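Asker: Provided herewith is a single structure, encoded as structure tokens, for subsequent inquiry.
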Amino acid sequence: MKAPALEPFRPRLWRELRGYNLGRLGRDVGAGVSVGVVALPLAMAFAIASGLTPEAGLWTAIIGGFLIAALGGSPVQIGGPAGAFIVIVYGIVKQYGVANLLICTASAGVLLFLMGWLRLGGLVRYVPVSVVIGFTNGIAVLIALSQLREVLGLPIKNMPADFFSMLSVVGRNLHQVNPYAVALGLACVLGLWFWPRLMRSESTVSQRVAVLPKGRQAMAVTARVPGPVVALVTLTLLAWALALPVETIGQRFGAIAPSLPTFALPDFSWATVRLLVAPTLTLALLGAVESLLCARVADQLSGLPRHNPNQELMAQGIANFVVPYFGGMPATGTIARTVTNIRSGATSPVAGMVHALTLAAVVLLAAPLAQHIPLAVLGGVLLFVAWNMGEWREFARLRHFSNPYRVLLLSTFGVTVVFDLTVAVQLGLVLACVFFILRQQDICRVGIGPVRPDEPIEATLYGSLFFGTVGKLDALLHLADQCTPGQEVVLHAQRLITLDTTGLDALRQLADSLQRRGAHLSMLGVQPQPASLMGRSGFALRLHRLEVENT
């Protein structure tokens, strides 16, 4: 048997550089700078929420973002740390430590590369949308819950990773709420909600500014400034000017060094690696799902040629293998920054590379200023991210869908929140398979015609005959015990779509039962797939008559 072909390593950048011109370069540079500014607060917030230092998020966005853009299969996808990883990374750090997180990330990178190289990128599309929505909403709830410490200004030294423990710890410390932190967090959330609405051309503010001299130009420039940057700068200046008693990045982590990260190998031992199999698989699966879903959204919004999912996974794998050696965290495609990239006019992966270089320039030139950022403001940014991340309307729309869809979504959501994302995805996929089998049982039918003594018994097979539907042949097996010598049972199989080995074994039992009574089994109108299996197994030779449908 011929071995399956492997995916060639062909980054999208190579294709896009053919015929590249200064006009496209200008649009890509503008888009890259815009996204780089947006990524700055998000990278720090995601890292801090994951139990890491701000530098871990920044250098993940820089190194991982550059590699994903340069080597990926999408023309406009932006890579870096993502909100979906917060809960997983925080749990790994709490249970295994930062060194083992780096090993998990590098190992997940190897798995991602192999998935792309073996052309498994298309399999991610088979994850049911109800499962994706369930765990995405569950992660959003956990992200929001984890930020209560920052937004409420609670003096909690170690925030637990599981749902009930978080609720318990927050509840025990509610008497120590810092009103200044609450005010900053709420101001951040409200500002992020109002900012894009204020910048719309039809808003009252925009219309009043537009009538002023050069007002339209000022609004055009202001509208390009991302909301998170506006909130970060204004609220940080406010907290600094008023000397508000709130915890800042500098107070918890110290100043961010304006220097390049150092290359370092994480502590490695095979005894520990065996414990990291489950978290590694979780990171790889979540990274694959998140990046390819993001790439599909980018295809729809950009109108550019579709991405190559296998090349995208290989790029994600390389990025996740490299960033741990510089103290980074898992990286994947990020929807919010990718959408910003598209709306800013990006045309090629050059924009993603410029985004990474912009971040590097900011870190090297202005990193010490970040120590004044209040953690409550970053918590507000993540609360807003969590709200936008969740597809909350799907809960209200559940009444329009079937019971299996509701069970899949709600069970995945509940298990993600209460227990673990890995268990939730496993449960979701198992339930999806069970519901699929039940649906196939409803579709599969055996229509038996009139039964007359000494005349052929005719029956029609519908649907798929496989391990979940072989019970449908019980009625025929019962009739076989009543057949007379020389009588023929004719199965019309024009509508039998597929047949597996368990279904074939059930047909063999039917043939054996008829043979013991001197009767015969015939199959007419057999489709190519069932006919091929019958021929390869030798079952076709046991049939009295076999007619294969011509297609």
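Asker: Work from the charge dipole of the stretch 1-117 (Cβ charges, +1 for Lys and Arg, -1 for Asp and Glu, about the Cα centre) and give the residue of 83, 64, 21 farthest towards its positive end.
Answerer: 21
Asker: Compare the peptides 254-265, 26-37 by average per-residue count of other Cβ atoms within 10 angstrom and give them in order, highest first. Write down the numbers at each step before the final one.
Answerer: Values: 254-265: 12.4, 26-37: 22.2.
Ranking the peptides 254-265, 26-37 by packing returns 26-37, 254-265.
Asker: Which of the helices in the chain, when you take each full DSSP H run, stretch at least 30 Å along the axis at their Cα atoms and have an average Kyte-Doolittle score of 1.0 or higher?
Answerer: Span-like helices here: 22-49, 277-302, 421-443.
Asker: Given Cβ point charges of +1 (Lys, Arg) and -1 (Asp, Glu) and nothing else, what value in debye, to the nearest 20, does the dipole of the stretch 487-533 about its Cα centre take?
Answerer: Values: 4 positive and 4 negative charges, 21 e Å.
That gives a dipole near 100 debye.
Asker: Please give the FRET efficiency for residue 165 paired with residue 278, using the beta carbon to beta carbon distance and R0 = 22 Å, rounded to the nearest 0.05.
Answerer: 0.65
Asker: Can you list, largest first and rounded to whole Å, the semi-axes you get for the stretch 1-130 by taking the square root of 5 times each eigenvalue of its Cα gyration tensor?
Answerer: 27, 25, 13
Asker: Then there is this: By how many nm would the segment from residue 200 to residue 306 grow when fully extended, if each residue of separation counts as 0.36 nm and the alpha-carbon distance is taken off?
Answerer: So the extension gain works out to 35.1 nm.
Asker: Taking the alpha-carbon centroid of each part, what is the distance from the stretch 523-541 to the stretch 248-265 in angstrom?
Answerer: 67 Å
Asker: Can you give me the convex hull volume of the Cα atoms of the chain, divided per residue and expressed in Å³? Kindly include the intermediate steps, with their values, before the conclusion.
Answerer: Values: hull volume 116.3 nm³, N = 551.
Normalising the Cα hull of the chain by residue number yields 211 Å³.
Asker: Can you give the calculated 222 nm mean residue ellipticity of the chain, where each DSSP H run of n ≥ 4 adds -39,500 (n - 2.57) and the sum is split over every residue, rounded to the nearest 500 deg cm²/dmol?
Answerer: It lands at -18500 deg cm²/dmol.
Asker: Once the dipole of the stretch 397-551 is set up with Lys and Arg at +1 and Asp and Glu at -1 on Cβ about the Cα centre, which of 459, 491, 437 lies farthest towards its positive end?
Answerer: Ranked along the dipole, the leading option is 437.
Asker: If you stretched the chain out fully between residue 343 and residue 267, how much longer would it get, using 0.36 nm times the residue separation minus the C-alpha to C-alpha distance?
Answerer: 23.1 nm
Asker: I've got another one for you. Would you work out what percent of the accessible area of the chain, with all protein chains in place, is carbon or sulfur (probe 1.4 Å)? Mind showing how you got there, number by number?
Answerer: Details: 16480 of 25900 Å².
It is 64 percent, rounded to a whole number.
Asker: Accessible area per residue, 1.4 Å probe, Å², for the stretch 41-176: what's the number?
Answerer: 32 Å²
Asker: Another one. Counting Lys and Arg as +1 and Asp and Glu as -1, each charge on the Cβ, what is the dipole of the stretch 4-104 about the Cα centre in debye, to the nearest 20? Present the calculation step by step, with values, prior to reporting the outcome.
Answerer: Details: 7 positive and 4 negative charges, 57 e Å.
In total the dipole reaches around 280 debye.
Asker: Taking only protein heavy atoms into account and a 1.4 Å probe, give the accessible area per residue of the stretch 434-496 in Å².
Answerer: Computed with neighbouring chains in place, this is 53 Å² per residue.
Asker: If we sort 520-527, 362-369 on the protection proxy, mean other Cβ atoms within 10 Å, highest first, what's the order? Walk me through the numbers before you get to the answer.
Answerer: On the way: 520-527: 20.2, 362-369: 15.2.
Highest mean packing first, the order is 520-527, 362-369.
Asker: Also, quick follow-up: Collect residues whose amide H, placed 1.01 Å from N in the peptide plane, falls under 5 Å from the amide H of residue 458; neighbours closer than 5 in sequence don't count.
Answerer: 449, 490
Asker: A further question follows. Could you list which residues have their amide H under 5 Å from that of residue 224, counting only those 5 or more apart in sequence or on another chain, with H placed in the peptide plane?
Answerer: none
Asker: Sort the stretch 214-337 into rounded, prolate or oblate with this rule: let a ≥ b ≥ c be the square roots of the eigenvalues of the Cα gyration tensor; rounded if a/c is under 1.5, and if a/c is not under 1.5, prolate when a/b is larger than b/c, oblate otherwise.
Answerer: oblate
Asker: Additional query: Find the centroid of the Cα atoms in the stretch 386-407 and in the stretch 60-107, then give the distance between the two in whole Å.
Answerer: 28 Å
Asker: So how do 467-475, 182-190, 377-385 stack up, highest first, on mean other-Cβ count within 10 Å?
Answerer: 377-385, 182-190, 467-475
Asker: Still on this structure: Could you give the nm distance between label points at residue 237 and residue 123, where each point is 7 Å from its Cα heading toward the beta carbon?
Answerer: 5.3 nm
Asker: Suppose every Lys and Arg Cβ carries +1 and every Asp and Glu Cβ carries -1, with no other charges. What dipole size does the chain come out with about its Cα centre, to the nearest 20 debye?
Answerer: The calculated dipole for the chain is roughly 1260 debye.
The values are calculated or read from the model by the stated rules, or taken from the named source; none is laboratory data. Source: prediction; values computed, not measured. Here the Cβ is made from the backbone with ideal geometry for all residues, glycine too, and neighbour counts use every protein chain on show. Surface accessibility is based on the protein's heavy atoms, side chains included, excluding ligands, DNA and RNA. Shrake-Rupley method; radii C 1.70, N 1.55, O 1.52, S 1.80 Å.
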